[in-house]
Amino acid sequence: MKATYLLLAPGLIAAATPALAQTETRADPIVVTANRDARPIDEVGQSVTVIDAEEIAARQSQAVIDLLRTVPGVGATRAGGLGTAASVNIRGADPQQTLLLVDGVKLDDPASPSGGFDFGNLLVGNIDRIEVVRGSQSVIWGSRAIGGVVNVITREAGEQPELRASAEYGWRDTANAVANASGKFGPVSASIGGQYLRTDGFSAFDQRLGGRERDGYRQYGANGKVAVAIGDALTVEARGRFADGRVDLDGFAPPTYAFGDTGDYSTTRELSGYGGVRLKLFDGKFLNRAGVAYSRIDRTNRDATDFATFDSRGLNRRFEYQGTVDLDYVAAVFGAESELSTFRADSFGTLLGARNTIDSFYGEVTVKPVAGVALTGGVRNDDHSRFGSATTFAVNGTASPNGGATRLRASYGEGFGSPSLYQLFGDYGNTTLVPERSKSWDAGVVQRVLGEAVEVGATYFHRDTENQIDFVSCFGVVGGICTNRPFGTYDNVRSTRAEGVEAVLTLRPVAPMKVAFAYTYLDARNRLTGRELARRPRESVSMVADYAWAFGLSAGATIAHVGDSFDDPANARRLDGYVLVDLRAAFPVTRNIELYGRVENLFDEAYETVFQYGTAGRAAYAGVRLKL
């Protein structure tokens, strides 16, 4: 049945689609993540995917991880329903090697076991745009950007005042409300919003194995951006995000300590912000930005008696300067950063804490020697207070011999990832750890036909990572690294390789219709053992299709197939592949009000992305949107 969905989908679309007609070529999307500067995507040599506001609105997803699962090269796992631990890996890299930015602020968590960001608490809310850059990006973004970067951008202020709001209700008593007000008022631009979501959820312990207790989730949050123009050259700006979540957990309760339903729960508070100034010089050709960024994540796990089994705080503070020079044929980005990271943790009464600093300098130059060609090279030096100096390099290029109809591109990048403070000094810490390092490259081609009626692309990628950090179980082992570590510890135990192919096909046969196919083949292995990396399916394919009728109705479908994978490094437990089918529709009842609804997992597919953890069955939601 799984294969039937995927084989029928292209045929059904073809049957409902008129003959391809030449369409007007649209302006190239502008991306900011690949170079820390706004560039047309056709001048960028890296692999970049943009999920824009139109697609975000059409797909109606509640969680960012559900939008990312159709991006080529991106894998996602979640240990239960909304709010439970969720991770994103890019091209087979470990989840902690995916760097998340929210409005340009890094959201690492020094107090988490991996140091990476838990995507479980990241809801779509007032997000207006998501950019995903694949491949090692440490030259531009520093530590942890080994697999790639996900940049989440919230709603910007437009020229006119605007109010947007939505409310929806559905399966498992799920309610979700979002609002955002924005506009420009003289020299002041502002965009401020908030969100509240609650759901009864379903058992995180797989119901097929006996899970019965519903594990609910609630979150309230806020986002804001304010900029004040002081004359034509100087702007003062501030932006921030806050999210407070509570999720019920399943775990290993006494006396059997077997995985099952429990009364445990976890609370998470995430706070991030940035404040700074922007200065334009020489008629805007020299842009300067200086500011301070701050992120803090507080997490507490409690058992059924309300006893705190784990309480932590991870904090990052970064001072930064960035300069951008943009001339006709040459552009340069350069800057300096100083980051302080601290963590504090209380685990069953044991108090832990530590701190470190990273001072960084980076620079990148792009030259455009002839029309259609852009070549970029960069270097970065990170001086870590515990590990000393590390230098990374990157180069990329793109060229078109025919005015953009064919685009060739290639990139090489190096990655650097320092151990998290928890990995060094936590309950299972190992102070002898050394940083992870990676080298990655890719090459690809994009071909456009009939303007943008047809776009097809393919990319080959390869990455080698050394000194990769893993948790080492010490069950039954008493010597070596397990000395005085009865439960386990962290160690640099892996050398990994990931390579594969990403392919995309986008069809815009008529203006109201868009169909996008994405395919990924991934071979990600531990080079020391030859085994496949856990939870890295070899193949995944997706289709996202939307059509808007002249009388106002818009409808769409997402079909995603994820192949088999292994749940463990020993490749002893297999996770079966699965196919998810989502349907959606929206209809404007007035100029300012739109009704919408969707059905997720239409065929009620039962599957796991983490061994023994359940996933959502068929679910339906309906809502209303307001725009004034």
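Quick check, is Ala93 without any contact (Cβ under 8 Å) to a residue 40 or more places away in the chain, surrounded by 23 or more Cβ atoms within 10 Å (Cβ to Cβ), in contact with a Gly (Cβ under 8 Å, 6 or more places away or on another chain) and not hydroxyl-bearing (Ser, Thr, Tyr)?
Considered against the rule, which asks whether it is without any contact (Cβ under 8 Å) to a residue 40 or more places away in the chain, surrounded by 23 or more Cβ atoms within 10 Å (Cβ to Cβ), in contact with a Gly (Cβ under 8 Å, 6 or more places away or on another chain) and not hydroxyl-bearing (Ser, Thr, Tyr), Ala93 comes out as no.
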When you go through (1) over 17 Å from Asn126 (Cα atoms); (2) part of a strand (DSSP E or B) one by one for Pro255, which number turns out not to apply?
(2)
So the check is Cβ under 8 Å with 6+ separation or different chains; which pairs have a first residue in region 59-77 that's in a helix (DSSP H, G or I) and a second one that's at pLDDT 95 or above and among the hydroxyl-bearing types (Ser, Thr, Tyr)?
Arg59/Thr558; Leu67/Ser61
Residue count for region 213-231, restricted to those that are more than 23 Å from the chain's Cα centre (by Cα) and either in a loop (DSSP other than H, G, I, E, B) or small (Gly, Ala, Ser) (or both)
6
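Out of curiosity, is Asp108 within 28 Å of Glu364 (Cβ to Cβ), acidic (Asp, Glu), touching a Lys or Arg at 6+ places or on another chain (Cβ under 7 Å) and surrounded by 21 or more Cβ atoms within 10 Å (Cβ to Cβ)?
Yes: the conditions hold for Asp108.
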Does Val434 fit the bill of being in contact (Cβ under 8 Å) with a residue 12 or more places away in the chain, surrounded by fewer than 16 Cβ atoms within 10 Å (Cβ to Cβ) and more than 19 Å from Gly377 (Cα to Cα)?
yes
Pair list, Cβ < 9 Å and 6+ apart or interchain, from region 527-549 residues that are more than 22 Å from Val88 (Cβ to Cβ) to residues that are assigned to a strand (DSSP E or B) and among the acidic types (Asp, Glu)
Arg527/Asp464
Given (1) modelled with pLDDT of 95 or more; (2) surrounded by fewer than 21 Cβ atoms within 10 Å (Cβ to Cβ); (3) more than 20 Å from Asp103 (Cα to Cα), index of the condition Val236 fails
(3)
Among the residues of region 143-158, is there at least one that is over 30 Å from Ser495 (Cα atoms), in contact with a Phe, Trp or Tyr (Cβ under 9 Å, 6 or more places away or on another chain) and surrounded by 22 or more Cβ atoms within 10 Å (Cβ to Cβ)?
no
Filter region 450-480 down to the residues that are free of Cβ contacts under 8 Å to residues at least 60 places away in the same chain and within 21 Å of Pro401 (Cα to Cα) and list them by number.
Glu455, Val456, Gly457, Ala458, Tyr460
Among the residues in region 184-203, are any touching a Pro at 6+ places or on another chain (Cβ under 9 Å) and in contact (Cβ under 8 Å) with a residue 24 or more places away in the chain?
yes
Answer yes or no as to whether Ser87 is closer than 22 Å to Arg494 by Cβ and part of a loop (DSSP other than H, G, I, E, B).
no
For region 178-212: of the residues being assigned to a loop (DSSP other than H, G, I, E, B) and of a type in the set (D, E, K, R), which is nearest to Ala258 (Cα to Cα)?
Asp206
Which ranges mark the strands (runs of 3 or more DSSP E) fully within region 272-371 that have 3 or more residues being closer than 23 Å to Gly388 by Cβ, in contact (Cβ under 8 Å) with a residue 40 or more places away in the chain and among the small types (Gly, Ala, Ser)?
350-367
Within region 192-203, does at least one residue satisfy the condition of being surrounded by 21 or more Cβ atoms within 10 Å (Cβ to Cβ), more than 24 Å from Leu122 (Cβ to Cβ), over 24 Å from the mean Cα position of the chain (by Cα) and not acidic (Asp, Glu)?
no
Which numbered condition in (1) of a type in the set (Phe, Trp, Tyr); (2) surrounded by 16 or more Cβ atoms within 10 Å (Cβ to Cβ); (3) farther than 16 Å from Val139 by Cα is the only one that Trp441 fails?
(3)
Here are some residues: Gly378, Gly429. Which one is farther than 24 Å from Ser495 by Cα, among the small types (Gly, Ala, Ser) and in contact with a helix residue (DSSP H, G or I) (Cβ under 7 Å, 6 or more places away or on another chain)?
Gly378
Lone qualifier among Ser266, Ser272 - being surrounded by 18 or more Cβ atoms within 10 Å (Cβ to Cβ) and under 30 Å from Glu213 (Cβ atoms)
Ser266
From the list Ala390, Ala394, Ala410, which residue is in a strand (DSSP E or B), surrounded by fewer than 20 Cβ atoms within 10 Å (Cβ to Cβ) and touching a residue at least 40 places away in the same chain (Cβ under 8 Å)?
Ala410
Inspect all residues belonging to region 162-171 and state whether any of them is assigned to a loop (DSSP other than H, G, I, E, B) and either crowded, with 18+ Cβ neighbours inside 10 Å or modelled with pLDDT under 95 (or both).
no
Here is a list: Gly349, Gly426. Which entry is in contact with a Pro (Cβ under 8 Å, 6 or more places away or on another chain), farther than 28 Å from Arg134 by Cβ and not aliphatic (A, V, I, L, M)?
Gly426
Quick check on Arg380: is it among the charged types (D, E, K, R), farther than 20 Å from Pro113 by Cα and crowded, with 16+ Cβ neighbours inside 10 Å?
yes
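The values are calculated or read from the model by the stated rules, or taken from the named source; none is laboratory data. In this text the structure is predicted, and so the values were computed from the model without any measurement. Heads up, the Cβs are rebuilt from the backbone with ideal geometry, glycines too, and the neighbour counts pull from every protein chain shown.
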